[in-house]
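Asker: This is the structure I want to talk about, given as structure tokens.
What follows draws every value from the coordinates through simple rules; no lab data is involved. Please read all numbers here as calculations on a predicted model, not as lab measurements. Cβ placement follows ideal geometry from the backbone for every residue including glycine, while neighbour counts extend to all protein chains displayed.
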Amino acid sequence: MAPLIPKCTDCGACCAHSDEFVPVRYEDSMRLPQELLVCATHAGKWDTVQMPPYVMRMVGREKRCIALRGEIGEGVSCDVYRNRPKVCRALKRGSMECCYMLGVHRVGRPW
């Protein structure tokens, strides 16, 4: 059975994919509300030579992006959708990464 790919606004699985952070490039940080950002050097163990200058935190039991609203798999919205980080813009609906996250969260088909 081929996976059923839900609309992004019905899903949100990709917004709950990391235990620690969403990387935010400097250019992205200029468009995002500063209260959502944490300086990478204060966020933990990362080498700032390899890390972007800012990160967005993952919160809650689902370890979801701080900007995500709603229930994963049922209906979601993003507080910063128009200005979301490049890493979020790069993920395409139906891509291999998308399908992997659908499986992790059991969204989009009868598991």
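Asker: Take Lys63, Lys92 and order them by how many other Cβ atoms sit within 10 Å, fewest up front.
Answerer: With the sparsest Cβ surroundings first, the list reads Lys92, Lys63.
Asker: Counting C-alpha atoms alone, how compact is the range 8-105: give Rg to one decimal and Dmax as a whole number, in angstrom.
Answerer: 13.1, 38
Asker: With θ set to phi - 60°, apply the Karplus curve 6.51 cos²θ - 1.76 cosθ + 1.60 along the range 24-30 and write out the HN-Hα couplings as whole Hz, x wherever there is a Gly or Pro.
Answerer: 10, 6, 3, 4, 5, 5, 6
Asker: Related question: Taking neighbour counts of Cβ atoms within 10 Å as a proxy for exposure, in what order, fewest first, do Met96, Met101 appear?
Answerer: Lowest to highest Cβ neighbour count: Met96, Met101.
Asker: What list do you get for Val59, Val38, Val76 if you sort them by fewest beta carbons within 10 Å?
Answerer: Least crowded to most crowded, the residues run Val59, Val38, Val76.
Asker: What's the extension gain from Asp79 to Arg106 if we count 0.36 nm per residue and subtract their Cα-Cα distance?
Answerer: 7.4 nm
Asker: Can you give the extra length, in nm with one decimal, that the chain gains between Met30 and Lys92 once fully stretched, where that is 0.36 nm per residue apart less the Cα-Cα distance?
Answerer: Between Met30 and Lys92, full extension yields 20.0 nm more.
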